[in-house]
Amino acid sequence: MERPSGQQPTTYDSAFMKACRREPVPHTPVWFMRQAGRSLPEYLKAREGIPMLESCTRPELVAEITLQPVRRHKVDAAIYYSDIVVPLKAIGLDLDIKPGVGPVVADPVRTRADLARLRDLTPEDVSYVTEAIGLLTAELGATPLIGFAGAPFTLASYLIEGGPSRTYERTKAMMYGDPDLWSDLLDRLAAITGAFLKVQIEAGASAVQLFDSWAGALAPKDYRTYVMPASAKVFETVAPYGVPRLHFGVGTGELLGLMGEAGADVVGVDWRVPLDEAVRRIGPGKALQGNLDPTVLFAPTEVVETKAREVLDAAAGLEGHVFNLGHGVMPSTDPDSLTRLVDYVHTRSAR
């Protein structure tokens with residue numbers, strides 16, 4: 001992977017970027033999904049009284065929240081503070097993030113006529129993203145910024161169900177029962193997602209992660225038939241930029257090989273599958289990311305270190321490894337345990 005034009009050499013040569021490219025690293029790089037957020041008192045203070053989606057449209061606030069875990073934990077990468085429904089809100093859909101519930105859509109997408117509401121996303125729709133990333137890259141220096149977006153399947157599930165779901169019954173009913181409408185919906189979402197990631201890369205993001213949070217609800221055959229083509233389109237859209245493309249879902253142990261096949265350079269693994277087993281499922285040519293169980297952080301420090309060492313040992317034979325949790329940081333996690341974990345991984349893995 002050649003260095004993209006315009007990208008800072010210092011960012012390009014960071015431990016995180018090297019690991020993504022499966023090159024030798026001075027230490028195993030670490031970052032955490034949901035590292036910016038509710039586990040940090042400084043985050044709660046900064047966002048006090050500001051609704052979630054509004055906070056995502058304030059560039060200075062976005063920059064501050066994104067930087068907080070970098071300052072505190074000394075992680076090897078920042079991840080852009082946003083939410084997977086931001087691009088959908090930006091094109092005019094009536095949705096909100098309700099505390100304790102998650103994204104809620106006022107008028108679910110369930111008919112062909114509803115597709116008309118999913119117009120193309122333009123850079124002007126999310127000008128605050130460009131502004132925030134400009135602020136961030138100036139502050140981050142050699143620390144890479146990861147842009148991100150929700151994958152078409154996960155966005156579709158929110159739009160069809162009208163909010164979070166445990167069974168995805170309406171989503172799967174459309175997927176199986178009206179495959180043409182399903183395909184057109186995912187195509188539309190792939191275009192919106194691709195455009196959203198392009199904005200972030202052009203503004204200065206060094207890598208991008210596609211979150212297919214709910215893909216674990218699918219059987220491999222259904223993922224390949226109904227979902228993988230749209231995710232592949234997203235990855236193809238950003239391929240010309242030459243930045244690492246990361247892919248993550250929860251409960252996707254049976255899908256790991258397919259998620260890599262969709263176009264990811266780095267496949268995220270949750271805590272259910274050891275990394276040495278995950279690499280057998282994924283095959284060569286991909287870096288892996290993960291995969292400490294987030295609940296381990298509630299155990300004593302010596303237990304956290306033992307479990308982290310197990311992850312590092314399982315990753316010993318990998319071509320590239322980015323240390324992360326197997327899912328996001330839980331809100332009640334002690335921030336100091338994350339700081340200690342970063343230091344432990346850096347020290348333990350020093351080459």
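ASP265 falls short on exactly one of the conditions (1) open to solvent by less than 20 Å² (accessible area, probe 1.4 Å); (2) closer than 20 Å to SER213 by Cβ; (3) in contact (Cβ under 8 Å) with a residue 40 or more places away in the chain, and that condition is (1).
On the basis of being among the small types (Gly, Ala, Ser), out of contact with any strand residue (DSSP E or B) (no Cβ under 8 Å at 6 or more places or on another chain) and buried (at least 23 other Cβ atoms within 10 Å of the Cβ), does ALA299 make the cut?
no
In the range 97-115, what residues are surrounded by 17 or more Cβ atoms within 10 Å (Cβ to Cβ), of a type outside the set (A, V, I, L, M, F, W, C) and within 22 Å of LEU210 (Cα to Cα)? Within the range 97-115, PRO103 is the sole residue that qualifies. Selection within the range 316-332: residues that are touching a Pro at 6+ places or on another chain (Cβ under 9 Å) and hydrophobic (A, V, I, L, M, F, W, C). The member of this set that is surrounded by the fewest Cβ atoms within 10 Å (Cβ to Cβ) is MET330. Could you go through the range 333-345 and let me know if any residue there is open to solvent by 40 Å² or more (accessible area, probe 1.4 Å), part of a helix (DSSP H, G or I) and of a type in the set (A, V, I, L, M). No, there is no match, as no residue in the range 333-345 is open to solvent by 40 Å² or more (accessible area, probe 1.4 Å), part of a helix (DSSP H, G or I) and of a type in the set (A, V, I, L, M). Of the helices (runs of 4 or more DSSP H) entirely within the range 7-61, those holding at least 2 residues that are charged (D, E, K, R) and surrounded by fewer than 22 Cβ atoms within 10 Å (Cβ to Cβ) occupy 41-46. Are any of the residues in the range 170-192 in contact with a His (Cβ under 8 Å, 6 or more places away or on another chain) and closer than 22 Å to SER231 by Cβ? So far as the range 170-192 goes, no, none of its residues is in contact with a His (Cβ under 8 Å, 6 or more places away or on another chain) and closer than 22 Å to SER231 by Cβ.
Need at least 2 residues that are of a type outside the set (Asp, Glu) and closer than 30 Å to ASP184 by Cβ per element, so show me which strands (runs of 3 or more DSSP E) inside the range 229-316 make the cut, counting only ones lying wholly within it.
Filter on the range 229-316 gives 245-248, 266-268.
The residue of the range 130-161 that is surrounded by the fewest Cβ atoms within 10 Å (Cβ to Cβ), among those that are of a type in the set (Phe, Trp, Tyr) and in contact with a strand residue (DSSP E or B) (Cβ under 6 Å, 6 or more places away or on another chain), is PHE148. From (1) on the phi < 0 side of the Ramachandran plot; (2) open to solvent by 10 Å² or more (accessible area, probe 1.4 Å); (3) touching a Leu at 6+ places or on another chain (Cβ under 7 Å), pick out the condition that doesn't hold for TYR223. Unmet condition: (2).
The values are calculated or read from the model by the stated rules, or taken from the named source; none is laboratory data. Keep in mind it's a predicted model, so treat the numbers as computed, not measured. All Cβ positions, glycine included, derive from the backbone under ideal geometry; neighbour counts span all protein chains shown. Remember, those area values only see protein heavy atoms, side chains included, never the ligands or the DNA or RNA. Shrake-Rupley method; radii C 1.70, N 1.55, O 1.52, S 1.80 Å.
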